[in-house]
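Okay, so here's the structure we're looking at.
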Amino acid sequence: MRTFVLFIIQSISSFAMMIGIWLLSFLALEQTFLLSTVYAFISGGLTFLTVKGVSNRRFVKKNGLTRREYKYIERNLKEAKDKISRLQRALMNVRSIQHAKRNIEMIRTVRKIYSNTKKEPKRFYKAEGFFYERLDSLVELAEKYSFLSSQPAKSREMTISLRETESTLTSLNDSVKKDLYIMLNDDVDTLHFELDVAKNSINRMKKNNRGIY
């Protein structure tokens with residue numbers, strides 16, 4: 001969502017600058033049509049990049065990160081996005097009603113960890129195990145499972161391997177859910193604190209009202 005809004009702001013700002021520079025060059029400075037157009041495109045491009053740079057700096061500062069940290073997290077998120085797409089394709093290719101619920105739940109949890117980190121990059125450090133280990137394992141196992149389960153004939157060894165993979169995927173799904181819980185732990189603590197404050201406030205109001213009546 002932030003990327004889309006930023007793109008709209010960049011586009012509007014650069015377009016407005018292009019129009020302004022073109023009119024200034026062509027009418028006020030009496031430049032040729034071609035030169036005015038070139039100046040307009042250059043100013044528009046610079047404005048587009050400047051708005052993006054300023055927005056990114058504010059976003060990084062708001063999240064309490066350095067520019068280097070943000071670039072590092074951004075690179076990991078880009079890699080994670082590709083892996084999640086591969087995981088989704090692999091799990092959707094498995095025509096197993098028995099594990100459909102688990103697969104859907106797994107995809108939903110994985111995407112939620114990704115979207116939370118995309119929105120607030122500092123959350124990355126609470127889910128490093130997911131990005132560095134578990135996501136890779138999920139993708140690798142899901143793709144191999146998808147390939148083997150799609151074969152028309154299966155040997156006894158293949159059947160045993162598929163069962164072991166199913167069990168491992170289930171365990172990894174539980175681990176990924178724990179990653180999400182850890183990522184949201186501070187939010188839960190904050191919610192409990194705010195609930196306690198609200199309850200205390202309500203209790204004080206009730207006591208004051210009883211005192212009035």
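The values are calculated or read from the model by the stated rules, or taken from the named source; none is laboratory data. Every value quoted in this text rests on a predicted model; they were computed, and no experiment measured them. With ideal geometry, Cβ positions are generated from the backbone for all residues, glycine too; neighbour counts draw on all protein chains shown. To get the accessible areas, we keep the full protein, side chains included, count just its heavy atoms, and leave off ligands, DNA and RNA. Shrake-Rupley method; radii C 1.70, N 1.55, O 1.52, S 1.80 Å.
Quick check on Lys126: is it open to solvent by less than 80 Å² (accessible area, probe 1.4 Å), in contact (Cβ under 8 Å) with a residue 24 or more places away in the chain and farther than 17 Å from Gln98 by Cα? Walk me through how you get there before you give the answer.
Numbers: open to solvent by less than 80 Å² (accessible area, probe 1.4 Å): yes; in contact (Cβ under 8 Å) with a residue 24 or more places away in the chain: yes; farther than 17 Å from Gln98 by Cα: yes.
Judged against the criteria, Lys126 is a match.
Could you list all residues from the range 129-141 that are surrounded by 13 or more Cβ atoms within 10 Å (Cβ to Cβ) and of a type in the set (Phe, Trp, Tyr)?
Correct list: Phe130, Phe131.
Could you look through the range 5-59, keep only residues that are small (Gly, Ala, Ser) and over 39 Å from the mean Cα position of the chain (by Cα), and pick out the one that is farthest from Glu74 (Cα to Cα)? Quick ask: steps written out before the conclusion?
Of the range 5-59, the ones small (Gly, Ala, Ser) are 11, 13-14, 16, 20, 25, 28, 36, 40, 43-45, 53, 55.
Among the residues that remain, those that are also over 39 Å from the mean Cα position of the chain (by Cα) are: 25, 28, 36.
Details: Ser25: 39, Ala28: 44, Ser36: 37 Å.
Top of the filtered list is Ala28.
Does Lys144 satisfy the condition of being under 21 Å from Lys118 (Cα atoms), surrounded by 13 or more Cβ atoms within 10 Å (Cβ to Cβ) and within 28 Å of the chain's Cα centre (by Cα)? First the steps, then the outcome.
Working: under 21 Å from Lys118 (Cα atoms): no; surrounded by 13 or more Cβ atoms within 10 Å (Cβ to Cβ): yes; within 28 Å of the chain's Cα centre (by Cα): yes.
So Lys144 fails the test.
Has the range 158-175 got at least one residue that is of a type in the set (Lys, Arg) and more than 30 Å from Thr66 (Cα to Cα)? Show your work before the answer.
Our first condition is that a residue be of a type in the set (Lys, Arg); within the range 158-175, this holds for 163.
Adding the requirement that they be more than 30 Å from Thr66 (Cα to Cα) leaves 163.
Scanning the range 158-175, I find at least one residue that is of a type in the set (Lys, Arg) and more than 30 Å from Thr66 (Cα to Cα), so the answer is yes.
Under 8 Å between Cβ atoms, which residue pairs at least 6 apart in sequence (or on different chains) link something in the range 14-30 that is at pLDDT below 75 with a partner that is in a helix (DSSP H, G or I)?
Phe26/Phe33; Phe26/Ser36
Of (1) of a type outside the set (Gly, Ala, Ser); (2) modelled with pLDDT of 70 or more; (3) open to solvent by 90 Å² or more (accessible area, probe 1.4 Å), Glu194 satisfies all except one. Which?
(2)
Kindly evaluate Glu120 against the criterion of being at pLDDT 80 or above, among the acidic types (Asp, Glu) and farther than 30 Å from Glu74 by Cα.
Details: at pLDDT 80 or above: yes; among the acidic types (Asp, Glu): yes; farther than 30 Å from Glu74 by Cα: no.
When the stated conditions are applied, Glu120 does not pass them.
Any idea which of (1) within 30 Å of Ser149 (Cβ to Cβ); (2) modelled with pLDDT of 75 or more; (3) surrounded by fewer than 16 Cβ atoms within 10 Å (Cβ to Cβ) is the one Met106 doesn't satisfy?
Going through (1) within 30 Å of Ser149 (Cβ to Cβ); (2) modelled with pLDDT of 75 or more; (3) surrounded by fewer than 16 Cβ atoms within 10 Å (Cβ to Cβ) one by one, Met106 breaks only (3).
Mind checking which residues of the range 20-36 are part of a helix (DSSP H, G or I), surrounded by 12 or more Cβ atoms within 10 Å (Cβ to Cβ) and not aromatic (Phe, Trp, Tyr)? Give the derivation first.
Taking the range 20-36 as the starting set, the residues that turn out to be part of a helix (DSSP H, G or I) are 20-28, 33-36.
Among the residues that remain, those that are also surrounded by 12 or more Cβ atoms within 10 Å (Cβ to Cβ) are: 20-26, 35-36.
Of everything in the range 20-36, those that are part of a helix (DSSP H, G or I), surrounded by 12 or more Cβ atoms within 10 Å (Cβ to Cβ) and not aromatic (Phe, Trp, Tyr) turn out to be Gly20, Ile21, Leu23, Leu24, Ser25, Leu35, Ser36.
Among the residues of the range 37-60, which ones are modelled with pLDDT of 75 or more, among the hydrophobic types (A, V, I, L, M, F, W, C) and surrounded by fewer than 16 Cβ atoms within 10 Å (Cβ to Cβ)?
Of everything in the range 37-60, those that are modelled with pLDDT of 75 or more, among the hydrophobic types (A, V, I, L, M, F, W, C) and surrounded by fewer than 16 Cβ atoms within 10 Å (Cβ to Cβ) turn out to be Val38, Phe41, Ile42, Leu46, Leu49.
Give just the number: which of (1) surrounded by 10 or more Cβ atoms within 10 Å (Cβ to Cβ); (2) at pLDDT below 85 does Arg156 not satisfy?
With respect to (1) surrounded by 10 or more Cβ atoms within 10 Å (Cβ to Cβ); (2) at pLDDT below 85, Arg156 is out only on (1).
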